[in-house]
Amino acid sequence: MKNFIFGTIATVLVLTIVFSIQQGFLFSKTLPYDDEQKGLDKQITIHLSHVVAENTPKGQAATKFAELVEEKTNGKVKVHVYPNASLYNDENEFQALQDGKVEMIIPTFSKMTSYVPDWQVLDLPYLFHTDDEVLEVLTGPIGEQLLDELKPFNVRGLGFWHNGFKHLTAERPIHTFEDLQGLRIRTMPSKTLEKQFSLVGATPVSISFSEIFTDLEAHAIDAQENTASNIFSKGFYKVQKNMTLTKHGILGYSVLMNEKFWEQLPPKVQKQLMEAMRETTDWQFKQAVLMNGNDLRKLQQENDFEIYTMSDAERQRFQEKLAPVYDFYQADVKQHHILSEIQKIVSP
Ligand code: SIN
């Protein structure tokens, strides 16, 4: 009987040990390394801050990117989007990115020109004529060269996005460039943009996007340049009486990530993020064109808001008046060849 009890206990013990080893309860097995395993248990969160409304080319693209990232990583990476400068504004978002307080921001390339002067090329007036030209330049080798210039800033450029062509809004009608004389015109902080308005005798005022509405309302500024989608979504038409379709320059974005954050991501996640980025970019350029068309039509239906299309002859005069901006730009940049490379792509 004693032998039977000992035998049973010994058998149960041996079976328990064998089972535990098989299940890895006793000795954990070291799995061969693979990318997916690194940080497997960790949810990765990307805080993405931007300054415009959600129903804009940038706002919608940020949301689309967040959805695609979640889908491609099976929920491992979550992108939290903070629109409308609710986290950081034009003045402090780049510092916040460099300090790792947010992982991603999407500033206009114009706002990056104090760090990367060569990007002023994208602010040159009347350089681009069609959205397709913008697409080819920003998503091709020239775009890559420009993004490479971010390296010294602990920042990775994931790509460029588009908004559209800029027009003018003002309190008074603007039919010729002479009508701009003496006006205080809000611009983004870019020496090239400031020069553009000095040349027509206006005073450029560089203020944050989130302050334009109140400054227009308070008559602290008289005019501003922007795309139809920004003018509509931020309600500038409620505090300005006139818009002139000038198509004198482009407005677009650089999609930026903190470099240290990028480097510590598993390679597989980096690949998934870049796939999401490429898909969003393809979609975004088309969506930006559609949204600007729709928002312009909505602006045309507003009462007490006049939209004037500058004549071709007047646009030609405006372009000639602004020609010295090109010499100004050339004197301020290092990579002079970028302009000539763009000029090979765009129509004269
Ligand atoms: C933006 O589209 O991000 C803002 C543009 C501006 O500051 O005018």
Next item on the list: Among the numbered conditions (1) within 13 Å of the ligand (Cβ to nearest atom); (2) open to solvent by 60 Å² or more (accessible area, probe 1.4 Å); (3) charged (D, E, K, R); (4) closer than 17 Å to residue 252 by Cα, tell me where residue 225 comes up short.
Entry: (2)
Check: Looking only at the range 203-222, which residues are more than 9 Å from the ligand (Cβ to nearest atom) and of a type in the set (Phe, Trp, Tyr)?
Finding: 213
Notebook entry, point to check: Which residue out of 68, 87 is surrounded by 20 or more Cβ atoms within 10 Å (Cβ to Cβ), away from the ligand (no atom under 12 Å from the Cβ) and part of a loop (DSSP other than H, G, I, E, B)?
Noted result: 87
Next item on the list: Sort out which residues of the range 138-174 are hydrophobic (A, V, I, L, M, F, W, C), more than 16 Å from the ligand (Cβ to nearest atom) and under 30 Å from residue 237 (Cβ atoms), and write them in order of number.
Entry: 174
Notebook entry, point to check: Can you tell me which of 69, 121, 116, 81 is farther than 17 Å from residue 253 by Cα and out of contact with any Cys (no Cβ under 8 Å at 6 or more places or on another chain)?
Noted result: 69
Notebook entry, point to check: Among the residues of the range 274-295, which ones are charged (D, E, K, R) and surrounded by fewer than 20 Cβ atoms within 10 Å (Cβ to Cβ)?
Noted result: 275, 278, 279, 282, 286
Next item on the list: Scan the range 253-271 and report the pairs whose first residue is open to solvent by 70 Å² or more (accessible area, probe 1.4 Å) and whose second residue is away from the ligand (no atom under 16 Å from the Cβ), with Cβ atoms within less than 8 Å and a gap of 6+ or a chain change.
Entry: 260/100; 260/154; 268/35; 268/36
Notebook entry, point to check: Give me the pairs: first residue in the range 218-233 and without any contact (Cβ under 8 Å) to a residue 40 or more places away in the chain, second residue open to solvent by 10 Å² or more (accessible area, probe 1.4 Å), beta-carbon distance under 6 Å, and six or more apart or on different chains, which are they?
Noted result: 221/184; 221/205; 221/215
Next item on the list: Being within 14 Å of the ligand (Cβ to nearest atom) and open to solvent by less than 40 Å² (accessible area, probe 1.4 Å) is the filter; apply it to the range 183-195 and report the residue that is nearest to residue 333 (Cα to Cα).
Entry: 190
Next item on the list: With the condition kept exactly as written, say whether any residue in the range 102-110 is within 16 Å of the ligand (Cβ to nearest atom), open to solvent by 20 Å² or more (accessible area, probe 1.4 Å), part of a strand (DSSP E or B) and farther than 23 Å from residue 187 by Cα.
Entry: no
Notebook entry, point to check: residue 114 versus (1) touching a strand residue (DSSP E or B) at 6+ places or on another chain (Cβ under 6 Å); (2) within 16 Å of the ligand (Cβ to nearest atom): which is the lone unmet condition?
Noted result: (1)
Notebook entry, point to check: Just to be sure, is residue 276 in contact with a helix residue (DSSP H, G or I) (Cβ under 8 Å, 6 or more places away or on another chain), of a type in the set (Gly, Ala, Ser) and away from the ligand (no atom under 13 Å from the Cβ)?
Noted result: yes
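The values are calculated or read from the model by the stated rules, or taken from the named source; none is laboratory data. All values reported here derive from a predicted model rather than from experimental measurement. Here Cβ is always computed from backbone atoms with ideal geometry, including for glycine, and neighbour counts include all displayed protein chains. With ligands, DNA and RNA removed, areas are computed over all heavy atoms of the protein, side chains included. Shrake-Rupley method; radii C 1.70, N 1.55, O 1.52, S 1.80 Å.
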